[in-house]
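Okay, structure first, notes after.
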2 protein chains.
Amino acid sequence: MDLYNDEYFMNEALKQARLAFEENEIPVGAVVVCRNKIIARAYNQTEKLTDVTAHAEMLAITAASNALGSKYLPECKLYVTLEPCLMCAGAGFWSQLGELHYGASDPKRGFTQVSQPVLHPKTKVSKGLMAEESKKLLDEFFKKLRN
Amino acid sequence: MDLYNDEYFMNEALKQARLAFEENEIPVGAVVVCRNKIIARAYNQTEKLTDVTAHAEMLAITAASNALGSKYLPECKLYVTLEPCLMCAGAGFWSQLGELHYGASDPKRGFTQVSQPVLHPKTKVSKGLMAEESKKLLDEFFKKLRN
């Protein structure tokens, strides 16, 4: 049995999202996996860093490139709890990401709202993994915010 | 006579692009202006930082937010020598940028290749300022790279 499967990695991304939640950041988490090993973990830190570019995926891609010493990540898989926005999908394009796995869809700002291809043509995409848990965490966050 | 006009600021962005050129980076430069004052200057550093997210605009937006202590930049103008890609336009969206002025167009990776609106609806856009100088610098760079 392979313990280190897509669910395992997405669950690790969810743990990152929960860290964001605890710090009053919109709860999105990401991990980057290379050769079955997590080489980067990150969660949304736009509030703490006062920086709209500090989305979980951006921080994870930067950290993964640092870990590998390479701008390009064709052998890497990015697991993120929410569908990336155009900024993050654009970063995925430039990094030539091998695989993108996202959980919940973002019908408002997700990159699939754009009809043209945004990711690198070689990037494989899967969606929906643990989407319910991810969405529940986001819903809880916005409910807390409103109260 | 107002010395600090759009041309002045775009010229400052071009100076940043030339710094990138000297460091063997794709020569794109950017400045962020708030209340007629430059609060951030940056040039592309993807090679030096081994990081695809280190485009001039991304670094300039992050630096501007740092300078202002605000995630949002509705009173700021971003001057950049080349049309932003989707990643950078996406960052511009999140920052609610007041104005975007870009020089040369990027018919391959520029954000206007996407038919849907990518920037914030309130962001005013102008293009073409000093486009020739900007393009010439890019052409020189890629010619040098090929030789």
Q.
If I go through region B:112-141 residue by residue, how many of them are of a type outside the set (A, V, I, L, M) and over 14 Å from residue B:28 (Cβ atoms)?
A. 14
Q | Residues being away from chain B (no Cβ under 14 Å) and either over 14 Å from the mean Cα position of the chain (by Cα) or crowded, with 24+ Cβ neighbours inside 10 Å (or both) - total across region A:67-81 | A | 4
Q: Output the number of the condition that residue A:117 fails; it satisfies all remaining conditions of (1) under 14 Å from residue A:17 (Cβ atoms); (2) at pLDDT below 95.
A: (1)
Q. Applying the selection to region A:21-63, what residues are in a helix (DSSP H, G or I) and facing chain B (nearest Cβ under 10 Å)?
A. A:57, A:58, A:59, A:61, A:62, A:63
Q. Among the residues of region B:85-118, which ones are away from chain A (no Cβ under 11 Å) and touching a strand residue (DSSP E or B) at 6+ places or on another chain (Cβ under 6 Å)?
A. B:98, B:99, B:100, B:101, B:102, B:103, B:104, B:106
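Matching residues to (1) over 16 Å from the mean Cα position of the chain (by Cα); (2) of a type in the set (D, E, K, R):
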residue: A:41; (1), (2): no, yes
residue: A:60; (1), (2): no, no
residue: A:110; (1), (2): no, no
residue: A:115; (1), (2): yes, no
Q) Considering A:69, A:98, A:92, A:29, which residue is over 24 Å from residue B:74 (Cα atoms), touching a Pro at 6+ places or on another chain (Cβ under 6 Å) and not basic (Lys, Arg)? A) A:98
Q) Quick one: residue B:17 ticks every box in (1) of a type in the set (A, V, I, L, M, F, W, C); (2) farther than 19 Å from residue A:95 by Cβ; (3) in a loop (DSSP other than H, G, I, E, B) bar one, so which box is it? A) (3)
Q. If you go through region B:83-96 one residue at a time, do you hit one that is surrounded by 19 or more Cβ atoms within 10 Å (Cβ to Cβ) and in a strand (DSSP E or B)?
A. yes
(Q) Checking the conditions here, which among A:73, A:19 is more than 23 Å from residue B:70 (Cβ to Cβ), aliphatic (A, V, I, L, M) and touching a Leu at 6+ places or on another chain (Cβ under 7 Å)? (A) A:73
Q: Just give me the residues in region A:1-17 being of a type in the set (D, E, K, R) and loosely packed, with under 15 Cβ neighbours inside 10 Å, in sequence order.
A: A:2, A:7, A:15
(Q) Which of the numbered conditions does residue A:100 fail, given that it passes all the others? Conditions: (1) part of a helix (DSSP H, G or I); (2) closer than 25 Å to residue B:111 by Cβ. (A) (1)
Q: With the condition kept exactly as written, say whether any residue in region A:25-40 is in contact with a Cys (Cβ under 6 Å, 6 or more places away or on another chain) and either closer than 25 Å to residue B:46 by Cβ or crowded, with 18+ Cβ neighbours inside 10 Å (or both).
A: yes
Q: Report yes if some residue within region A:108-128 is free of Cβ contacts under 8 Å to residues at least 60 places away in the same chain, in a strand (DSSP E or B), surrounded by 18 or more Cβ atoms within 10 Å (Cβ to Cβ) and not hydrophobic (A, V, I, L, M, F, W, C); otherwise report no.
A: yes
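The values are calculated or read from the model by the stated rules, or taken from the named source; none is laboratory data. As the structure is a prediction and not an experimental result, all values here were calculated from the model. When we count neighbours, we look across all protein chains shown, and the Cβ atoms used for this are built from the backbone with ideal geometry, even at glycine.
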